[in-house]
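Let me begin by presenting the structure, written as structure tokens, before commenting on it.
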Amino acid sequence: MSLDDLYQEIILDHYKKPRNRAPDLEPHHVHVHHSNPLCGDEMDLRLRIGGEVSETVDAVVYDGDGCSISMASASAMTEAVVGRTLDDAEDLAEAFRLMMHGEDLRREEDLVDGVAFQGVAKFPVRVKCALLGWMALKDAIATHRAGSNEHEVTHD
Ligand code: ZN
């Protein structure tokens, strides 16, 4: 099996058996809604923050209506970030963003199944789809830090 085939299979697996996909999370501290009109992807992301010394991603769920890439990527994102500090999760989101823009791959191990989406970087029109969940996570953290608990973003 080639690496491309393996990556395809990982993406399909997340699409068919989504991890942490749920319409709600009780309790949660932040809810963001992100849309990608180019493809028609809509995504809700809810984040629960824990941690005693530094704030951590205690739980994260996503839900939405969108293409297989956007939904599968969000599923892989949730697995990669649970238990991380907010700073670390932000850094990982940045590593994913750079990977999707064809830059050097870093934090490969930490991205877990997220690395399977690097092939999507070859299709510029789908890059926003793969980024949607990660951008929603970054925004949820920023929204929390700004002292708010709701935010909506359209990625034109
Ligand atoms: Zn899409």
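No value in this document is a laboratory result; all are computed from the given coordinates. Just so you know, these numbers come straight off a predicted model, no measurement behind them. Cβ sites come from the backbone with ideal geometry, for glycine too, and all protein chains shown count toward neighbours.
So how far, in whole Å, is the C-alpha centre of segment 126-141 from the one of segment 63-84?
When both Cα centres are located, 9 Å separates them.
Looking at the chain, do any whole DSSP H helices span at least 15 angstrom along their long axis by alpha carbon and average 0.0 or above on Kyte-Doolittle, and which?
Working: long enough: 3-16 (20 Å, -0.49); 68-81 (20 Å, 0.88); 86-100 (21 Å, 0.09); 124-145 (31 Å, 0.40).
What comes out of the filter, once short or polar helices are dropped, is 68-81, 86-100, 124-145.
Taking H placed 1.01 Å from N in the peptide plane, check which residues at least 5 places from His29 or on another chain put their amide H under 5 Å from its amide H.
Long-range HN contacts for His29: Leu47, Arg48, Ile49.
Could you work out how far apart the two model spin labels at Gln8 and Leu38 are, taking each label as a point 7 Å from the Cα in the direction of the beta carbon, and quote it in nm?
2.3 nm
Relative contact order for segment 3-148 using alpha-carbon pairs under 8 Å, separation at least 6, rounded to a whole percent?
Values: 264 pairs, mean separation 40.5, N = 146.
Relative contact order of segment 3-148: 28 percent.
Can you divide the C-alpha Rg of segment 28-156 by 2.2 N^0.38 Å and report the result to two decimal places? Walk me through the intermediate numbers first.
Details: Rg = 13.5 Å, N = 129, 2.2 N^0.38 = 13.9 Å.
It is 0.97.
Quote the charge dipole size of the chain about the Cα centre in Debye, to the nearest 20; the model charges only the Cβ of Lys and Arg (+1) and of Asp and Glu (-1).
Numbers: 15 positive and 30 negative charges, 53 e Å.
Dipole size: approximately 260 debye.
What FRET efficiency do you get for Asn149 and Leu98 if R0 is 22 Å and r is their Cβ-Cβ distance, rounded to the nearest 0.05? Please report the intermediate quantities before stating the final value.
On the way: r = 29 Å, r/R0 = 1.30.
The formula returns an efficiency of 0.15 here.
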